[in-house]
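The structure appears right after this line, and notes come after that.
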Amino acid sequence: MKNNHKQSIPDEILAQVVAKLNEVNALINPFAITLTAADRKDMLKMGEKSISFVEKALELSKSNAEFIPSYLNVVDFEIDLKDAKNLLVAENISEQIYNAINDTIMVAGSEAYYAALCYYNSVQLAANMNTQGAKAVNDELKKKFPGKTKKTTPENE
């Protein structure tokens with residue numbers, strides 16, 4: 001297996017990244033809203049196709065105020081549209097950062113897991129050949145091996 005992750009991120013760099021992400025979180029947190037899964041599911045979602053409709057509706061509400069229902073606050077409407085659009089830039093950057101971090105975690109984790117399996121297989125072979133000390137190492141690794149667990153069913157209880 002080719003090892004693509006050959007350079008560890010220096011602790012100082014990682015500490016700076018975490019500090020800056022904490023700084024960003026502290027900046028946005030007072031304005032951020034947290035949704036439940038149910039909230040997300042039931043909510044109307046404005047996407048690329050509906051954004052021009054929303055923009056046009058706001059524009060026309062200002063020039064044709066006679067059609068604004070009494071329960072609609074146009075100032076809030078404008079705030080909502082402004083933030084929804086402006087936050088897209090931050091979302092895109094955040095997604096790029098997330099993807100870079102997540103991809104690196106995936107590659108590094110995959111390569112580390114592969115190396116661990118190679119070592120484990122070697123230890124198992126050594127234990128099967130009664131190599132001194134191999135059985136103890138194998139037993140220790142076997143306790144931690146995330147292999148499939150047997151499900152308890154009424155037939156095998």
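The values are calculated or read from the model by the stated rules, or taken from the named source; none is laboratory data. Computed from a predicted structure; not experimentally measured. Ideal geometry is used to build each Cβ from the backbone, glycine not excepted, and the neighbour counts take in all protein chains shown.
Out of all the residues in segment 97-120, which are out of contact with any helix residue (DSSP H, G or I) (no Cβ under 6 Å at 6 or more places or on another chain) and among the aromatic types (F, W, Y)?
Y98, Y113, Y114, Y119
Give the residues of segment 57-96 that are in contact with a helix residue (DSSP H, G or I) (Cβ under 8 Å, 6 or more places away or on another chain) and within 30 Å of H5 (Cα to Cα), sorted by residue number.
Selection gives A90 alone.
State the number of residues belonging to segment 1-54 that are part of a helix (DSSP H, G or I), touching a helix residue (DSSP H, G or I) at 6+ places or on another chain (Cβ under 8 Å) and polar (S, T, N, Q).
Summing the residues that are part of a helix (DSSP H, G or I), touching a helix residue (DSSP H, G or I) at 6+ places or on another chain (Cβ under 8 Å) and polar (S, T, N, Q) in segment 1-54 gives 0.
Check segment 93-111 and report whether any residue there is over 26 Å from E23 (Cβ atoms) and over 29 Å from the mean Cα position of the chain (by Cα).
No, there is no match, as no residue in segment 93-111 is over 26 Å from E23 (Cβ atoms) and over 29 Å from the mean Cα position of the chain (by Cα).
Filter segment 30-52 down to the residues that are of a type outside the set (S, T, Y) and surrounded by 10 or more Cβ atoms within 10 Å (Cβ to Cβ), then identify the one that is nearest to the chain's Cα centre (by Cα).
In this case the residue turns out to be L35.
Any residue in segment 56-77 that is farther than 16 Å from M46 by Cβ sitting within a Cβ distance under 6 Å of a residue that is of a type in the set (G, A, S) and part of a helix (DSSP H, G or I)? List the pairs, counting only those 6 or more apart or interchain.
I68/S61; V74/S61
In segment 54-66, which residue that is surrounded by 10 or more Cβ atoms within 10 Å (Cβ to Cβ) and either under 30 Å from the mean Cα position of the chain (by Cα) or of a type outside the set (D, E, K, R) (or both) is nearest to N86 (Cα to Cα)?
Here the residue is V54.
Can you run down the residue pairs with Cβ atoms below 6 Å, 6 or more apart or on separate chains, where the first is in segment 103-129 and touching a residue at least 12 places away in the same chain (Cβ under 8 Å) and closer than 11 Å to N4 by Cβ and the partner is surrounded by 13 or more Cβ atoms within 10 Å (Cβ to Cβ) and not charged (D, E, K, R)?
Pairs that qualify, where the first residue is touching a residue at least 12 places away in the same chain (Cβ under 8 Å) and closer than 11 Å to N4 by Cβ and the partner is surrounded by 13 or more Cβ atoms within 10 Å (Cβ to Cβ) and not charged (D, E, K, R), are V107/H5; A108/H5; E111/H5.
Among the residues of segment 20-29 satisfying the criterion of being hydrophobic (A, V, I, L, M, F, W, C), within 19 Å of the chain's Cα centre (by Cα) and surrounded by 10 or more Cβ atoms within 10 Å (Cβ to Cβ), which is farthest from D80 (Cα to Cα)?
Among residues in segment 20-29 that are hydrophobic (A, V, I, L, M, F, W, C), within 19 Å of the chain's Cα centre (by Cα) and surrounded by 10 or more Cβ atoms within 10 Å (Cβ to Cβ), the one farthest from D80 (Cα to Cα) is L21.
Does segment 78-87 contain at least one residue that is of a type outside the set (F, W, Y), farther than 23 Å from K49 by Cβ and surrounded by 11 or more Cβ atoms within 10 Å (Cβ to Cβ)?
The answer is no; no qualifying residue exists.
Which of the following residues is at pLDDT below 95 and touching an Asp or Glu at 6+ places or on another chain (Cβ under 7 Å): N3, N86?
The conditions single out N3.
Taking interchain pairs and intrachain pairs at least six residues apart, which have beta carbon atoms under 6 angstrom, with the first residue in segment 131-144 and closer than 17 Å to L117 by Cβ and the second surrounded by 13 or more Cβ atoms within 10 Å (Cβ to Cβ) and of a type outside the set (V, I, T)?
A134/A126; A134/A127; N138/Q124; N138/A127; L141/Y120
Being of a type outside the set (A, V, I, L, M, F, W, C) and closer than 16 Å to A90 by Cβ is the filter here; which residues of segment 12-28 pass it?
K20, N22, E23, N25
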